[in-house]
Amino acid sequence: MTYEILLAGFGGQGILFAGKLLAYCALFEGKEISWLPSYGPEMRGGKCNCSVTISDEPIGSPQVLEPDLLVVLNGPSFDAFMGNVKPGGKAFVDSSMVAQKTDRTDIETFYVPATQLADDNNLAKGANIVLLGKLLHETGIFSFETVRKALEKNTPAKRAHTIDNNMRALQLGADYAG
Amino acid sequence: MEKVLMKGNEALAEAAIRAGCKCFFGYPITPQTELSEYLAKQMPKRGGVFLQAESEVAAINMVLGAAGTGTRVMTSSSSPGISLKSEGISYIAGSDVPCLIVNVERGGPGLGSIQPSQQDYWQATKGLGHGDFHLIILAPNSVQEVVNLVTKAFDLGEKYRMPVMLLSDGLLGQMMEPVEFPEITPSQADNSAWAACGTKMEREHHIVNSLYIEALDLEEQVKRRYERYAKIEETEAMAETYLCEDADIIVTAFGATSRVAKSAVNKARAEGIKAGLFRPITLWPFPKAELNAACKNAKAVLSVEMNMGQMIDDVKLALDCRLPVSFFGRTGGVVPSPKEVLEELRKLNGGAQ
């Protein structure tokens, strides 16, 4: 089984971090992984994306051009990438940031007001994790326990309190049915 | 040891410390910065020296100085920085001292772009400075291979008393993959015959120098160096082959591009196109015999590179032009897609579909 995942949004929305969590989950399960950030003269507010490939086989090109799973956190990324999702793939869209809707019927699209949900629940900047929660709920790739391990591995001791917040954000996304 | 996730640049830095590298001299540049950042944090804690020089030119001359004392030493940069270092690299080659030079390539010429490229193939394999000389050029294609080749690079440099380059690129440097650090005990080759590390008034001076007043002396020195190069060409070439045995079309690609090529070869095979992949791991020495063996049943060769066509020259030379060799590449920091390479394979296999 191979999952090619693309996460995209603005710099500062935690795109790379969300990708890293998926990569660490895969590491714990002994999968082949590649994690590739877009990099450039970019900054908070600039465009940002992250390719994550998780597979049982050795991975060729690490660039995800036609994702099985797409996570988008802003309008420009929606315009740039929705057309590239593999037929049969799934897209997870932060509908509080993206006004557009896709007319594609060959993919499953989940609109989650992730930024709004995060803000309403005192989880500012948690939209990335809310969408990740929805993605995991819909695909079942990794359990929440595995994500907790990944969070523990990637959270410095002085920010340990954010682990529970992130777990709450995951649950918010998973529970969102709208 | 358990696998960890690391960026190519960070893994390279960790591997260098584990390989016994004691000194790093460099100057920051994207996309290699994580490498020097990692060493800046770790070297002082682990018995080494990290020094950010005032320029690339200064850094490479510090490398020459440290290498002359027989110390395991390295520098790293990206394309424009390597150009600046080329004078010093020529001096290092002319002084017959070992060191590791890392080039995390980006787009050129000039300041170019900071995205991945392989536009320095010619520079690395044919012209890294003035004079008759070579570097051994190692071109890994995964984070794990980056780690494995770092120790090898130091060992080869000391074995043959010459600079070795590890040619990476922005893609390999920035991507994270699971990686394992093999248990190694760094073994430094005996350098007591040449290292300039103090006579203690007990022996003649060792002189590390690249200047020869008498032309005949220099000629002899260069010829001796070329005897070593001949031995390296005979014994140190490395390559990987993938599905070449029955292949009609052999794709040649190195470094990150070979990953793209491998995806394309797999897609081609799924369509019934008999494609295979030949990946040189050493770019100098170029694995000529290995390429010829891989091409024994081939009818055509496609060189895929992140440049306008540089390695293709060595592919043609190695094959004595007995097979048609075509080229596909993207340049300036653009990474080719497997689909584009597949399209070329379809054409070679009998027309576009």
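Charges only on Cβ, +1 for Lys and Arg, -1 for Asp and Glu: so what's the dipole of region B:240-348 about the Cα centre, in debye to the nearest 20?
The dipole magnitude comes to about 200 debye.
Just how large is the dipole of the protein assembly as shown about the Cα centre, in debye to the nearest 20, putting +1 at every Lys and Arg Cβ and -1 at every Asp and Glu Cβ?
520
Could you list the chymotrypsin sites (Phe, Trp or Tyr not before Pro) in region B:1-78 that lie in coil according to DSSP, counting only those with at most 16 other Cβ atoms within 10 Å of their Cβ?
Of the chymotrypsin sites (Phe, Trp or Tyr not before Pro), not one in the loops of region B:1-78 has a Cβ with at most 16 other Cβ atoms within 10 Å.
Nearest 5 is fine: what % of DSSP beta bridges in region A:2-175 come out antiparallel, could you say?
55
Over region A:2-175, calculate the relative contact order: mean separation of alpha carbon pairs under 8 Å at least 6 apart, over the residue count, as a percent.
20
Could you tell me which residue out of A:F110, B:S90, A:S51 lies farthest along the dipole of the protein assembly as shown toward its positive end? Charges go on the beta carbon: Lys and Arg +1, Asp and Glu -1, centred on the Cα centre.
A:F110
Charges only on Cβ, +1 for Lys and Arg, -1 for Asp and Glu: so what's the dipole of region B:158-252 about the Cα centre, in debye to the nearest 20?
680
Would you work out which of B:V222, B:A53, B:A124 lies farthest towards the positive end of the dipole of chain B, given +1 charges on the beta-carbon of Lys and Arg and -1 on that of Asp and Glu, about the Cα centre?
Comparing the listed Cα positions along the dipole, B:A124 ranks first.
Among the trypsin sites (Lys or Arg not before Pro) within region B:246-351, which fall in a DSSP loop and have no more than 13 other Cβ atoms within 10 Å of their own Cβ?
Loop-located and lightly packed - B:K296, B:R322.
Residue by residue through region B:214-220, which ³J(HN,Hα) values in whole Hz follow from phi under the Karplus form 6.51 cos²θ - 1.76 cosθ + 1.60 (θ = phi - 60°), with glycine and proline marked x?
With the stated coefficients, region B:214-220 comes to 8, 4, 5, 5, 5, 4, 4 Hz.
Could you compute how much accessible area chains A and B hide from each other, both sides summed, with a 1.4 Å probe? Nearest 100 Å² is fine.
Buried: approximately 1800 Å² between B and A.
To test your reading of the geometry: what angle, between 0 and 90 degrees and rounded to tens, separates the Cα axis of helix B:79-94 from the longest principal axis of chain B?
That helix lies at roughly 50 degrees to the long axis.
Run the paramagnetic zone check for A:A177: 7 angstrom along Cα to Cβ, then residues of region A:89-111 with backbone nitrogen under 20 Å.
A:93, A:95, A:109-111
Taking chain B as the reference, fit the longest principal axis to its C-alpha atoms, fit the long axis of helix B:8-18 to the helix C-alpha atoms, and give the angle between the two in degrees, 0 to 90, nearest 10.
Roughly 40 degrees between the two axes.
Taking 7 Å along the Cα-to-C-beta vector as the label spot, tell me the B:Q188-A:N154 distance in nanometres, rounded to one decimal.
The answer from the label model is 4.0 nm.
Could you tell me which of B:G173, B:A189, B:V208 has its Cα farthest along the dipole of chain B towards the positive end, charges placed at Cβ (Lys, Arg +1; Asp, Glu -1), taken about the Cα centre?
B:G173
For chain B, what does the relative contact order come out to in percent, with C-alpha contacts under 8 Å and a separation of six or more?
It comes to 18 percent, rounded to a whole number.
Per residue, what accessible area does region B:240-348 have, given a 1.4 Å probe and all protein chains present, in Å²?
36
For n ≥ 4 DSSP H runs only, could you compute -39500 (n - 2.57) per run for chain A, divide by its residues and tell me the 222 nm figure to the nearest 500?
-11000 deg cm²/dmol
Mind checking Rg over Rh on the protein assembly as shown, alpha carbons, Kirkwood formula for Rh?
With Rg and the Kirkwood Rh in hand, the quotient comes to 1.01.
Per residue of chain B, what 222 nm ellipticity follows from adding -39500 (n - 2.57) for every DSSP H run with n ≥ 4, rounded to the nearest 500?
Only helices count here, giving -12500 deg cm²/dmol.
Where does helix B:255-270 land angle-wise versus the long Cα axis of chain B, in degrees 0 to 90, nearest 10?
Taking Cα atoms only, the helix is inclined about 20 degrees.
Is region A:2-175 rounded, prolate or oblate when judged by the Cα gyration tensor, a ≥ b ≥ c being the square roots of its eigenvalues, rounded requiring a/c under 1.5 and prolate requiring a/b larger than b/c?
rounded
Taking all protein chains in place and a 1.4 Å probe, what share, in percent, of the accessible surface of chain A do carbon and sulfur account for?
Carbon with sulfur: 50 percent of the solvent-accessible area.
Just to verify a number: FRET efficiency for A:E32 and B:K299, C-beta to C-beta distance, R0 = 35 Å, to 0.05?
The formula returns an efficiency of 0.60 here.
So in the protein assembly as shown, what percent of DSSP beta bridges are antiparallel if you round to the nearest 5?
Expressed as a percentage, antiparallel bridges in the protein assembly as shown total about 35.
Here are some pairs, B:K7/B:K267; A:K149/B:K41; A:K90/A:K125; A:K86/B:K262; B:K267/B:K316; A:K31/B:K288; which of them have Cα atoms lying more than 31 Å apart in this structure?
Pairs exceeding the cut-off: A:K31/B:K288.
Could you tell me the calculated FRET efficiency between B:A270 and A:D106, based on Cβ-Cβ distance and R0 = 25 angstrom, to the nearest 0.05?
Efficiency at R0 = 25 Å is approximately 0.75.
Computing the accessible area with a 1.4 Å probe over protein heavy atoms, can you report the carbon and sulfur percentage for region B:267-349?
Answer for region B:267-349 is 54 percent, counting heavy atoms of protein chains only.
Please report the relative contact order for region A:1-51, taking Cα pairs under 8 Å with a sequence separation of at least 6, and give it as a percent rounded to a whole number.
Value for region A:1-51: 51 percent.
Per residue, how much accessible area does region A:2-175 have with a 1.4 Å probe, in Å²?
Counting only protein heavy atoms, the per-residue value for region A:2-175 is 43 Å².
The values are calculated or read from the model by the stated rules, or taken from the named source; none is laboratory data. On a predicted model such as this, the values are computed, not experimentally measured, just so you know. Using ideal geometry, Cβ is built from the backbone for each residue, glycine included, and neighbour counts are taken over all protein chains shown. These area figures cover heavy atoms from the full protein model, side chains too; ligands, DNA and RNA do not enter into them. Shrake-Rupley method; radii C 1.70, N 1.55, O 1.52, S 1.80 Å.
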